[in-house]
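The values are calculated or read from the model by the stated rules, or taken from the named source; none is laboratory data. Worth saying up front: this structure is predicted, and the values here are computed from it rather than measured. No Cβ is skipped: glycine too gets one built from the backbone with ideal geometry, and neighbour counts run over all protein chains shown. Please note that ligands, DNA and RNA were not included when accessible areas were found on the heavy atoms of the full protein model with its side chains. Shrake-Rupley method; radii C 1.70, N 1.55, O 1.52, S 1.80 Å.
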Amino acid sequence: MSDRAALRPETVTVSAGRPAHVPGAPFNEPVTFASAFVAGGELEYARYGNPSWTALEEALGALEGGECISFASGMAAVSAVAALVPHGGAVVVPQHAYQHTLMLLDTGAAEGRFEVRRVDIADAAAVEAAMPGAAMVWIESPTNPALEVADIARLAAAARAAGALSVVDSTFASPLVQRPLEDGADVVVHSATKLIAGHSDIVLGAVATGSADLAERIRQHRGLHGAIPGPMEAFMALRGLRTLSVRLERAQANARELTRRLSDAPGVVEVRDPGFGTVLAIVLADAAAADRVVERVRLWIPATSLGGVESTLERRRRWATEAPTIPEGLIRLSVGIEHIDDLADDLLRALAA
Ligand code: PLP
């Protein structure tokens, strides 16, 4: 194999994490169902390693430009990274982000383990003002479901200068659209359940970092807390990753075109589009108007997840735990790879009804 560093990311998604090209070898790392391995080798007990994880981690690590540690879920990855905050430390946190990330950090604060400082992550000056004395700056970009975009390079540099670790939850972008480690961030987190796996059939998380020390601490957390991915899930996430670039190409084109077609649609007060990625939001007058649209669509699937090949939508404030600053009438749209006319027709019909 030629030098991987010279390959384009789209090629890396296809070529990395494969067995060596030797006669008779399978193209794909097989699923290894094992709890233990014969003593004396590199692998001993399967809570500490499995060849099916290694293949996925090699591919994601090569894409992000660091070492990858895979987890049982995105939240397991988030928890392992949040555990890097020392007792009594402070974390700068977006006012809008995935609701369970916020809940996890708020729980840590309520238990007196650390202090949480809420900021508008799109307002770089405000984030910088909150950094002095902080141990970690948690960035999510684009944010779920407000779709704010952070200036990752600026915030990572400021965090480093302030002596804080910078973490980016890059789930809404994927490593083909955004590579935070290249922008200077210390750690990147993914819910690989979403765009990376891409088919709404598994739950899996991943962390990547350029620091060998942080990688070791995060790997040790995984081994001690035990939130390891299943080998089948790791295999399926890697299989999903193989087609990420073509899925993204179609879904991103669909998303931008939907923004165009929805901006003057009946009842749509606002379309939120970060300009990249596959998630949009439309804001309607109120909860009832938004609920009616969700009930009337036939092709779009009402569902809470995102990043799959199929388009899904959800009124986010149906969850009592969603931030109260998210409009009641906001519907998050996860745009898939269907034909744009079918997606637009279904939504426009539901909006006009
Ligand atoms: N981060 C973001 C931005 C998410 O949207 C989600 C889930 O929706 C998570 C993390 C958690 O990932 P998982 O559901 O794989 O645990």
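Using alpha-carbon pairs under 8 Å, 6+ residues apart, how would you state the relative contact order of region 7-242 in percent?
Working: 480 pairs, mean separation 57.1, N = 236.
Across region 7-242, relative contact order equals 24 percent.
Note on HIS199 and GLU44: the model spin-label points, each 7 Å out from Cα along the C-beta direction, lie 3.6 nm apart. At q = 0.13, 0.20, 0.22 Å⁻¹ the log10 of I(q)/I(0) for region 1-122 amounts to -0.76, -1.10, -1.20, computed by Debye summation with a single uniform scatterer per C-alpha, solvent ignored. If you plug the beta carbon distance of ASP341 and SER15 into 1/(1 + (r/R0)^6) with R0 = 41 Å, you get a FRET efficiency near 0.75. Excluding ligands, DNA and RNA, the accessible surface per residue across region 3-150 is 44 Å² with a 1.4 Å probe. Taking a sphere under 15 Å around the Cβ of SER191 and counting the other residues whose Cβ falls inside, with K and R at +1 and D and E at -1, yields a net charge of -3.
Within region 20-102, the GluC sites (Glu not before Pro) that combine a DSSP coil assignment with at most 16 other C-beta atoms in a 10 angstrom radius are GLU42, GLU44.
The peptide list 285-295, 87-97, put in order of mean Cβ contacts within 10 Å with the highest first, becomes 87-97, 285-295. So how far, in whole Å, is the C-alpha centre of region 266-288 from the one of region 311-344? Here the two parts' Cα centres lie 8 Å apart.
Quick one: dipole size for the chain, taken about the Cα centre, charges +1 on Lys/Arg Cβ and -1 on Asp/Glu Cβ, in debye to the nearest 20.
Dipole magnitude for the chain comes out near 280 debye.
Could you calculate the contour length gain from ALA25 to ALA285, that is, 0.36 nm times the residue separation minus the distance between their Cα atoms, to one decimal place in nm? List each step's numbers first, then the result.
On the way: separation 260, 0.36 × 260 = 93.60 nm, distance 5.81 nm.
The span from ALA25 to ALA285 would gain 87.8 nm if fully extended.
When every Cα-Cα distance of region 7-242 is counted in 10 angstrom steps from zero, the calculated P(r) takes the values 8, 33, 35, 17, 5, 1 percent. Modelled label positions at ALA320 and ARG113, each set 7 Å beyond Cα in the direction of Cβ, lie 2.4 nm from each other. Set the Förster radius R0 to 45 Å, insert the Cβ-Cβ distance between VAL294 and HIS225 as r into 1/(1 + (r/R0)^6), and round the FRET efficiency to 0.05. Here the calculated transfer efficiency is 0.80.
Enumerate the residues in region 43-65 having an amide nitrogen under 18 Å from the point lying 7 Å beyond the Cα of ARG160 toward its Cβ. 64-65, by backbone N distance to the label point. The distance separating the Cα centre of region 1-76 from that of region 185-244 comes to 11 Å.
Ranked from the most accessible area to the least, with a 1.4 Å probe and all protein chains present, what is the order of HIS221, HIS199? Present the calculation step by step, with values, prior to reporting the outcome.
Numbers: HIS221 35, HIS199 75 Å².
The ordering from most to least exposed comes out as HIS199, HIS221.
When the Gaussian network model of the chain links Cα atoms closer than 10 Å, the mean-square fluctuations of ALA237, ALA20, ALA82 top out at ALA20. Highest mobility in the GNM of the chain, judged by mean-square fluctuation with C-alpha springs under 10 Å and restricted to ALA83, ALA36, ALA62, is found for ALA36. Which percent, nearest 5, of DSSP beta bridges in region 7-242 are antiparallel? Taking every DSSP beta bridge within region 7-242, about 40 percent pair in antiparallel fashion.
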